[in-house]
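*Asks:* Have a look at this one.
The values are calculated or read from the model by the stated rules, or taken from the named source; none is laboratory data. As the structure is a prediction and not an experimental result, all values here were calculated from the model. With ideal geometry, Cβ positions are generated from the backbone for all residues, glycine too; neighbour counts draw on all protein chains shown.
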Amino acid sequence: MKKVISLILSVMLFVLLASAALSESQGTFMYVYTQNGKVLRVRSTMSTSNDSNVIGSLPYGAKVIIYGVRDGWAMIDYGNTTGYVMYRFLVKEQPAPYNPSGNPDQETKETKDPLKEASTVAQMNALIASAKFVESYTVTVRPVRASGWVYMRWFPSRAAEAMATFGANYELTVIAELKDWYQVNDPATGKVGFIYKSYVQ
């Protein structure tokens, strides 16, 4: 009888371990990317109505396992319990160390604007022609602030009119590269334009 009980316990332990391994293998790794480098609060429920459900926090750049996303919330393992974080503060690639002064959207006096310099159509065409076509690949939008957005412009210049805006984690397809810009295609709409390299990963 003891052998039977021991066998049953062994089988149950194996099933539990296999389930845990399977659960972890089904998770997706992502990284915390918060506004101003702040921590991301982990909550016991999918609500920000008050702070009574806050069970912990994750630092900027922390690696987490995501087991599901619903209504803008991601379910994660936190310690020995399940927690929830706002999905918009997560990115697929580990972000660069937070640099409060490193805002690429602020142009310096040394920055040259190709649209202002290109005084003729021929010069503008020459700039576009300098783009290096590449085998297409996917990039993910990463605004300066996790809650912000990034512009896609008709010409590779901040002075050019925006064609569309994209929030964090939106995926675009790169079809050509310039020095500081990507020429991208939006798979959802078919629009083609330019996006500044610093705003994608």
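*Asks:* Please go through region 122-154 and give me each residue that is touching an Asp or Glu at 6+ places or on another chain (Cβ under 8 Å) and part of a loop (DSSP other than H, G, I, E, B), ordered by number.
*Replies:* Ala131, Val144, Trp154
*Asks:* Mind listing just one residue for me: the one in region 136-161 that is at pLDDT 85 or above and among the aliphatic types (A, V, I, L, M) and, of those, surrounded by the most Cβ atoms within 10 Å (Cβ to Cβ)?
*Replies:* Among them, the one singled out is Met152.
*Asks:* I need the full set of residues from region 57-68 which are outside any loop (DSSP other than H, G, I, E, B) and more than 13 Å from Phe29 (Cα to Cα), in order please.
*Replies:* Hits for region 57-68 are Ser57, Leu58.
*Asks:* Output yes when any residue across region 114-135 is modelled with pLDDT under 55, among the hydroxyl-bearing types (Ser, Thr, Tyr) and exposed (fewer than 11 other Cβ atoms within 10 Å of the Cβ), and no when none is.
*Replies:* Yes, there is a match, as at least one residue in region 114-135 is modelled with pLDDT under 55, among the hydroxyl-bearing types (Ser, Thr, Tyr) and exposed (fewer than 11 other Cβ atoms within 10 Å of the Cβ).
*Asks:* Under the condition of being more than 26 Å from Gly167 (Cβ to Cβ) and at pLDDT 85 or above, which residue from region 1-55 is farthest from the chain's Cα centre (by Cα)?
*Replies:* That would be Ser52.
*Asks:* To continue, here is another question. What residue, of Val184, Val134, Val141, is under 21 Å from Tyr98 (Cα atoms) and touching a residue at least 24 places away in the same chain (Cβ under 8 Å)?
*Replies:* Going through Val184, Val134, Val141 in turn, the sole match is Val141.
*Asks:* So, in region 162-201, of the ones that are of a type outside the set (Gly, Ala, Ser), assigned to a loop (DSSP other than H, G, I, E, B) and buried (at least 17 other Cβ atoms within 10 Å of the Cβ), which residue ends up modelled with the lowest pLDDT?
*Replies:* Among those residues, the one meeting the criterion is Asn169.
*Asks:* In region 26-60, what residues are farther than 26 Å from Val144 by Cβ, polar (S, T, N, Q) and surrounded by 15 or more Cβ atoms within 10 Å (Cβ to Cβ)?
*Replies:* Correct list: Ser44, Asn53.
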